[in-house]
Amino acid sequence: MSILKKIHNMLNGSPAADVQEQNDEILAAAVLMVEVAAHDGQVSRIEREHILHLLEHKLGLSAAEALELFVEAIATQNDSHHILNFTRKIKDHFDEAGREHIIELMWEVVYADGEEDSYESNLLRRMGGLLYISDKRNGQIKNKVREKAVKK
């Protein structure tokens, strides 16, 4: 099932168990975005605003839902010492297009401040592998996001 279909089902009243599973999956995606943003020990204002924008405009959450999810993602990311649980949840529950969409969101967080550093590149390469996205496809997604960021 694609990420957009899962989010649509979540927002339009799926059964409670499915909603909780979908909430966990979306939280995992948000945690991974926060992990990318927090690579230097803190999430900058620009990164925070961009993640909130992505949650609202790419995942269709309201401003209040996006903020609540962001706060939960920060708390979860702070309590977690590795990303494997989150990438596994995404890998197990999203199809290839959904996983690629999530890696694209993470690249957008990388380029939110207009720069990419070597740690971010390495982190996204590792996450791509954990999400079963080939290096070639991950690079294509990265280039697409970078070109879009340069045009802004």
Note to self: Give all pairs with beta carbons closer than 7 Å in which a residue from region 29-57 that is farther than 17 Å from Gly98 by Cα meets a residue that is not in a helix (DSSP H, G or I); count only pairs at least 6 apart in sequence or on separate chains.
What the structure shows: Val34/Val43; Glu35/Ile83; Ala37/Val43
Margin query: Just checking, does region 108-125 include any residue being free of Cβ contacts under 8 Å to residues at least 60 places away in the same chain and aliphatic (A, V, I, L, M)?
Written below: no
Item checked: Checklist (1) assigned to a helix (DSSP H, G or I); (2) more than 14 Å from Ile26 (Cα to Cα); (3) in contact (Cβ under 8 Å) with a residue 24 or more places away in the chain; (4) not β-branched (Val, Ile, Thr) applied to Glu72, failing item -> (2)
Checklist line | Scope region 45-95; condition out of contact with any Phe, Trp or Tyr (no Cβ under 9 Å at 6 or more places or on another chain) and β-branched (Val, Ile, Thr); matching residues | finding: Ile46, Val71, Ile74, Ile83, Thr87, Ile90
Notebook entry, point to check: What number of residues within region 117-140 satisfy the criterion of being more than 17 Å from Glu35 (Cβ to Cβ) and under 16 Å from the mean Cα position of the chain (by Cα)?
Noted result: 1
Check: Which helices (runs of 4 or more DSSP H) sit wholly inside region 94-152 and have at least 3 residues that are surrounded by 13 or more Cβ atoms within 10 Å (Cβ to Cβ), modelled with pLDDT under 95 and of a type in the set (Val, Ile, Thr)?
Finding: 96-110
Notebook entry, point to check: Across region 63-93, which residue is farthest from Glu47 (Cα to Cα) among those that are surrounded by fewer than 18 Cβ atoms within 10 Å (Cβ to Cβ) and among the hydrophobic types (A, V, I, L, M, F, W, C)?
Noted result: Leu84
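The values are calculated or read from the model by the stated rules, or taken from the named source; none is laboratory data. What you see is a predicted model, and the numbers here were worked out from it, not measured in a lab. Glycine gets a Cβ as well: all are built from the backbone with ideal geometry, and neighbour counts include every protein chain shown.
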